[in-house]
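**Q** First, the structure itself, so that you have it in front of you.
Bear in mind that the values in this text are calculations on the coordinates, not laboratory data. This structure is a prediction, so every number in the text was calculated from the model and none was measured. Cβ sites come from the backbone with ideal geometry, for glycine too, and all protein chains shown count toward neighbours.
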Amino acid sequence: MTKEELVHITLKQLSESLKISPDNFRLEDLAVGPVSGSFQGPTIVWQFKVQLKEGQYIQDPHNANRTIVVTFNKLAKQLSCSIYFREVNTYNNSIMPDSQAIVQCFEYPILNRTYRQFMKIRKQLIDQRHEKEYHDYMRKLNNIFPTTHDEELFK
């Protein structure tokens, strides 16, 4: 098995997990707003979390902490997948991964299937983030103007 196959399998599992539990993901990317700058490029972070009653998500206290970090380094044109058996929130905490696979995406990354799969997951997370922002805005607008969208209901 090659490193590219390992990264591809990881991204495939993350893609399936995104369909089932999208709240386990966090995207560190300039496309979704300011980032802490701790990661080297667009980064997808997966951590198993559970939802509290208030709508907040915390690390599951019944399961061991696990983190998967997938980063695309634009300068080196490398896609790296790191697995940690602990909670990792910043690059400073992720000094030594428990397992790592790095794939070189060559001159034209778009021709690499793992890069395309990474970008697909990234796009889904960005779309999900924007959709959540739109729903939050509409909910707040409905609190101010309760008759919002009434005219569309009676058409």
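**Q** Spin-label point model (7 Å from Cα, Cβ direction): what's the Q100 to F145 distance in nm?
**A** For Q100 paired with F145, the spin-label model returns 5.2 nm.
**Q** If you don't mind, there's one more thing I want to ask. Return the distance in nm (one decimal) between the two label points of a simple spin-label model at I126 and E5, each offset 7 Å from Cα along Cα→Cβ.
**A** Label at I126, label at E5, 3.2 nm between them.
**Q** Work out, step by step, the length gained on full extension between K19 and Y134: first 0.36 nm times the residue separation, then minus their alpha carbon distance; give nm to one decimal.
**A** Length difference between fully extended and current span is 39.4 nm.
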